[in-house]
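The values are calculated or read from the model by the stated rules, or taken from the named source; none is laboratory data. Nothing here was measured: the structure is a model prediction, and the numbers come from that model. With ideal geometry, Cβ positions are generated from the backbone for all residues, glycine too; neighbour counts draw on all protein chains shown. Side chains are part of the model used for accessible areas, which takes the heavy atoms of the whole protein and leaves out ligands, DNA and RNA. Shrake-Rupley method; radii C 1.70, N 1.55, O 1.52, S 1.80 Å.
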Amino acid sequence: MLLPDPSLPLPYPRVKEDPDDSRMRTRLRAITETHTASLIGALRDLQTEGLVPFVDVRIRQAPLTPTFKLYLFNAEEALHGMYEIIERPLELEDAEVVTALDVLGLGATLTHHVKDPAGAGAPGTVFVEGMQQWFDSVWNHLAQ
């Protein structure tokens with residue numbers, strides 16, 4: 001998994017009126033940790049139940065602001081969706097409600113792309129291979 005480096009100031013999520021307010025970054029870090037632990041647990045359960053032979057989860061952080069969601073499956077398929085920046089009220093841990101600039105990660109529309117075995121120039125093949133090359137380049141050169 002590639003995740004944004006939590007030490008970097010990101011343009012979102014943030015409090016609309018106070019971009020330097022760190023509470024949204026703290027909230028994002030907590031959500032990321034919870035979802036990452038849940039995903040790792042679910043994948044390991046698949047192995048434990050014998051539904052997949054092996055699970056290997058590796059996580060690196062990259063100095064990038066995520067602008068899209070991307071899932072790559074066995075270099076053959078991709079799910080891709082752009083994050084839309086929205087303004088919405090959010091209640092923070094201290095019960096204060098703030099106006100936030102955020103993205104709807106859970107609500108992002110995902111498009112399914114599949115490599116076409118009949119043609120290297122087919123749109124699905126080009127998309128999956130291009131996204132895999134992008135991911136590998138970030139993983140190998142920027143992520144830690």
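Compared with the dominant Cα axis of the chain, that is its longest principal axis, helix 123-141 is turned about 60°.
Treating the Cα atoms of the chain as identical point scatterers in vacuum, please give the log10 of the normalised Debye intensity I(q)/I(0) at q = 0.09 Å⁻¹, two decimals. Here log10 of I(q) over I(0) equals -0.36.
Based on Cα contacts under 8 Å between residues 6+ apart, the stretch 36-144 shows a relative contact order of 24 percent. Each of S22, L106, L2 was scored by the projection of its Cα onto the charge dipole of the chain, and the greatest displacement toward the positive side belongs to L2; charges sit on the C-beta of Lys, Arg, Asp and Glu.
Set the Förster distance to 22 Å, then compute FRET efficiency between A42 and K69 from the Cβ-Cβ distance, nearest 0.05. Calculated transfer efficiency: 0.80. Note on I86: accessible area approximately 40 square angstrom, rounded to 10, probe 1.4 Å, nucleic acids and ligands left out.
Using a probe of 1.4 Å, the accessible surface attributed to M82 totals some 110 Å² when neighbouring protein chains are kept in position. Note on exposure: E49, E96 ranked by accessible area (1.4 Å probe, complete protein assembly) read E49, E96, with the most exposed listed first.
Comparing V114, V55, V98 in a Gaussian network model of the chain, where Cα atoms under 10 Å apart are tied by springs, the biggest mean-square fluctuation is seen for V55.
Return one number: the angle in degrees, 0 to 90 and rounded to the nearest 10, between the long axis of the Cα atoms of helix 23-48 and the longest principal axis of the Cα atoms of the chain. Rounded to the nearest ten degrees, it is 30. The charge dipole of the chain, taken about its Cα centre with unit charges on the Cβ of Lys, Arg, Asp and Glu (plus for the first two, minus for the last two), comes to roughly 260 debye.
Of all DSSP bridge pairs formed entirely within the chain, close to 85 percent run antiparallel. Averaging Cα coordinates gives a centre for the stretch 89-135 and one for the stretch 1-71; these two points are 13 Å apart.
May I ask which residue of P53, T34, P63 lies farthest towards the positive end of the charge dipole of the stretch 14-142, with charges of +1 (Lys, Arg) and -1 (Asp, Glu) on Cβ and the Cα centre as origin? Highest projection toward the positive end goes to P53.
Structure remark: mean-square fluctuation, Gaussian network model of the chain, C-alpha springs under 10 Å; the largest value among L70, L43, L101 belongs to L43. Across the stretch 88-144, C-alpha contacts under 8 Å between residues 6 or more apart give a mean separation that, scaled by the residue count, equals a relative contact order of 17 percent.
With a 1.4 Å probe rolled over the protein heavy atoms of all chains, the accessible area of F73, F68, F54 falls in the order F54, F73, F68, largest first. Think of it as helices only: each DSSP H run of n ≥ 4 in the chain is worth -39500 (n - 2.57), and spread over all residues that comes to -11000 deg cm²/dmol at 222 nm.
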